[in-house]
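Scroll down for the structure; my scribbles are underneath it.
The values are calculated or read from the model by the stated rules, or taken from the named source; none is laboratory data. Quantities reported herein were computed from a predicted structural model and do not represent experimental measurements. Virtual Cβ from ideal backbone geometry, glycine too; neighbours counted across all protein chains shown. Each accessible area value is taken on the protein alone, full model and side chains, heavy atoms only, with ligands, DNA and RNA left out. Shrake-Rupley method; radii C 1.70, N 1.55, O 1.52, S 1.80 Å.
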Amino acid sequence: MSALGKVHGVPDHPQPPSPRHASGPATAAPATPPRRPVEAVLFDFHGTLAQVEDPVAWVRAGARECGVELDRGRATVLADRLVTAGRAGGPLPHRVPPHLAEVWADRDLYEHAHRSAYTGLAATVDSGVDGLAEALYDRLLRPDGWLLYSDTAATLRALRDASVPVALVSNIGFDVRPLFEAWGLADLVDAFVLSYEVGRCKPDPAIFHRACGMLRVDPERVLMVGDTPADAGAVRAGCAVLVLPAADPGRANGLAAVLDLAVTDR
């Protein structure tokens with residue numbers, strides 16, 4: 001498991017006692033509690049099930065929608081500047097301008113704040129392409145603006161085949177359900193718990209409790225799967241947590257480990 005990720009709150013199976021020694025009483029190894037059964041799984045979205053498209057492809061596609069064809073060299077320079085300024089699904093911006101501070105703070109709680117924050121950050125970069133900031137944001141709302149990890153679909157289908165309910169729990173300011181519909185995966189997710197809809201953001205235990213309630217499973221029997229410390233906050237809600245390693249877009253990222261925890265012993 002260590003090669004795939006780190007599990008918090010899921011002890012290993014009990015170890016047998018040490019054999020009796022001829023010269024003295026039996027010495028038992030310390031027993032660990034049995035592994036809790038996993039009856040439901042919560043997944044983070046970005047960085048866990050899917051990743052945003054390559055930055056250069058993102059910029060070139062956005063510019064094309066504005067009627068401008070960028071060569072790869074210019075697109076690469078722009079992509080570096082736009083990612084540094086702050087891209088949804090990318091690293092945090094190095095600096096948030098004062099006039100965007102309020103919408104930045106609320107970006108995962110309100111749709112308008114999410115759009116305003118990220119279009120505002122993109123607009124701080126002089127791209128020379130009219131409408132580029134809005135076009136780049138709109139790429140987030142389209143399935144071709146994302147790449148599923150290669151093991152996402154198979155993992156979700158295996159959980160459905162094993163009758164393990166699944167919820168998506170995401171800090172996000174827009175509806176991802178249309179993306180899952182387009183990917184043919186919507187029927188494999190039983191509940192979508194999105195921060196801007198429920199008014200709570202990870203690592204607040206309340207958002208995890210909401211997800212467990214929607215699945216009608218006690219938190220102690222739920223596994224949260226994510227890739228950040230915010231996802232690991234589910235431990236405070238009573239859930240076990242699997243933190244996945246970073247992986248390149250479109251590649252496998254260790255989701256198969258979920259099946260070892262939630263399906264193998266069923």
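Taking the Cα centre of region 173-253 as reference, the dipole from Cβ charges on Lys and Arg (+1) and Asp and Glu (-1) amounts to some 200 debye. Overall form of region 170-226: oblate. Here a/c, set by the Cα gyration tensor axes a ≥ b ≥ c, is 1.5 or more, and a/b is not larger than b/c. Estimated at 0.36 nm per residue, the fully extended path between HIS99 and VAL77 surpasses their Cα-Cα distance by 5.4 nm. When all protein chains stay in place and ligands, DNA and RNA are ignored, the 1.4 Å accessible-area order of LEU147, LEU132, largest first, is LEU147, LEU132.
Each residue of region 131-147 is assigned a 3J(HN,Hα), and the resulting list reads x, 5, 4, 5, 5, 5, 5, 5, 4, 4, 8, 10, x, 7, x, 10, 10 Hz, derived from the Karplus form 6.51 cos²θ - 1.76 cosθ + 1.60 (θ = phi - 60°), x at Gly and Pro. Evaluate the relative contact order of region 94-200 (contact order divided by residue number), counting alpha-carbon pairs under 8 angstrom at least 6 apart; express in whole percent. Reported relative contact order: 30 percent. Under a model in which nothing but the beta-carbon of Lys, Arg (+1) and Asp, Glu (-1) is charged, region 115-228 shows a dipole of about 320 debye around its Cα centre. Tell me which label goes with the value of log10 I(q)/I(0) by the Debye sum over Cα atoms at q = 0.07, 0.11, 0.16 Å⁻¹ computed from the coordinates here: (1) -0.30, -0.66, -1.19; (2) -0.23, -0.58, -1.36; (3) -0.21, -0.52, -1.12. Working out log10 I(q)/I(0) by the Debye sum over Cα atoms at q = 0.07, 0.11, 0.16 Å⁻¹ from the coordinates points to (1). Counting protein heavy atoms only, the chain has 53 percent of its accessible area on carbon and sulfur, 1.4 angstrom probe. Measuring nothing but how far apart in sequence close Cα pairs (under 8 Å, 6+ apart) lie, relative to its length, the chain scores a relative contact order of 26 percent. Only one residue of ALA105, THR76, CYS66 has its Cα farthest out toward the positive end of the dipole of region 63-216, where Lys and Arg carry +1 and Asp and Glu -1 on Cβ, and that residue is ALA105. Amide H contacts for ALA50 (H built 1.01 Å from N in the peptide plane; partners 5 or more residues away or on another chain; cut-off under 5 Å): TYR149.
With θ taken as phi - 60° and the Karplus curve 6.51 cos²θ - 1.76 cosθ + 1.60 applied, the whole-hertz 3J(HN,Hα) list for region 40-45 is 7, 10, 10, 10, 5, 9 Hz, x standing for glycine and proline.
Place a +1 charge on the Cβ of each Lys and Arg in region 78-135 and a -1 charge on the Cβ of each Asp and Glu, then give the dipole magnitude about the Cα centre in debye, rounded to the nearest 20. With only Lys, Arg, Asp and Glu charged at Cβ, the dipole is about 180 debye. Taking a ≥ b ≥ c as the square roots of the eigenvalues of the Cα gyration tensor, region 68-130 is prolate, since a/c reaches 1.5 or more and a/b is larger than b/c.
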